1. Only one of these conditions is not met by E231: (1) under 24 Å from Q150 (Cα atoms); (2) in contact with a His (Cβ under 7 Å, 6 or more places away or on another chain). Which number is it?
2. Please go through the range 82-107 and give me each residue that is part of a helix (DSSP H, G or I), surrounded by fewer than 16 Cβ atoms within 10 Å (Cβ to Cβ) and in contact (Cβ under 8 Å) with a residue 24 or more places away in the chain, ordered by number.
3. Which ones in the range 31-60 are basic (K, R) and in contact with a strand residue (DSSP E or B) (Cβ under 7 Å, 6 or more places away or on another chain)?
4. For the range 157-204, which positions are among the aliphatic types (A, V, I, L, M), over 13 Å from the mean Cα position of the chain (by Cα), assigned to a helix (DSSP H, G or I) and closer than 26 Å to G26 by Cα?
5. Restricting to the range 165-178, name every residue that is closer than 14 Å to W201 by Cα and of a type in the set (A, V, I, L, M).
6. Cβ contacts < 9 Å: first residue at pLDDT 95 or above, restricted to the range 126-141; second residue among the aromatic types (F, W, Y) and part of a loop (DSSP other than H, G, I, E, B), any location; separation 6+ or different chain. Result?
Amino acid sequence: MSAADPKREWYDRAGVRSGPRRRLGGELATGRLFFPPGLVPYWDHPRVRALPEKRRAELLARHLFQYLGFTAQFETRVVNRATERIAGGRSGVDADTPVRLDAYRIYVDEGYHSLYSLDIIDQISAASRIAPAPYDFEPFLSRLDHVGEQALPDEPVLAQLLQVVVFEMLITAILNDVPKDPRVLTVVRDVVRDHARDEGWHHVFFSRFFRELWAQQPAGLRGRVARCLPELIRSSLLPDLRPVRASLGAAGLPPAAVEEVVRDAYPADRVNAGIRSAARHAVRLFEEVGALSVPGGREAFEAAELLHDRS
């Protein structure tokens, strides 16, 4: 595998190299929102609309904190554990020095994304006096790792590489839509825009990396890889309802009402449609390299409901 051309001027353009530290400033008093309500599935539920405005604002803050907390954990504990293998020449994929240097650059980027995610949580929680709920990343990580353990029990490094490829190829509404919403705190819009800018290059890198990874796999292993990918997609995108329940409870809703909101806001058909939308570029890449043409490949993607309504 060789480096991408034209060469990205990382030392001048990467957020960690050129961007300022994003600061909250005095916008909390102006009525700016913590997070776009349209990206919070339960926001318009009658039970939530009936809450006092202060509680509704706290819901948006906690939703932001959960997103940033997940980002801080995922970038270091999932993305960077595999990216460091590529950078260190221990991924099992032949990669020349320029590619390894790019992987180290991504490693630095992702660490910086984690740093400023926690920094924004700290700034906003201190200024708003809304405490972020403790976030336990272990259940998500265990779910993600379990997919690889089941599909590729004798290939743990490959499973970790596939995790990163899948996640870096997903296109979620948050990175695209938060920066466009002028109602949202400027610091939140700026930090999400910074993240999206770096992730655009990461997307290109991991797209190229997966093509080479796939090409280097023996024929007998490709089927197992192809059958693993759909479950990795779903495990990466299924909503984590634990912090949702905790946040709704903290807003004052009783347990029965919390379950009603969760049931109504996250129906299976809506969740599946969201997963298909976010995964469409990843699925297109996997189809292009032939992952859906190996025995059992297309069937696995169909069973995961990833092949409908793609554009």
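1. Just one mismatch for E231, condition (2).
2. Across the range 82-107, the qualifying residues are P98, L101.
3. R32
4. V178, V187, V188, V191
5. V165, M169, L170, I171, L175, listed by residue number.
6. Between residues of the range 126-141 that are at pLDDT 95 or above and residues that are among the aromatic types (F, W, Y) and part of a loop (DSSP other than H, G, I, E, B), the close pairs are S128/F34; I130/F34.
The values are calculated or read from the model by the stated rules, or taken from the named source; none is laboratory data. The structure presented is a predicted model; accordingly, all values stated were derived computationally and were not measured. With ideal geometry, Cβ positions are generated from the backbone for all residues, glycine too; neighbour counts draw on all protein chains shown.
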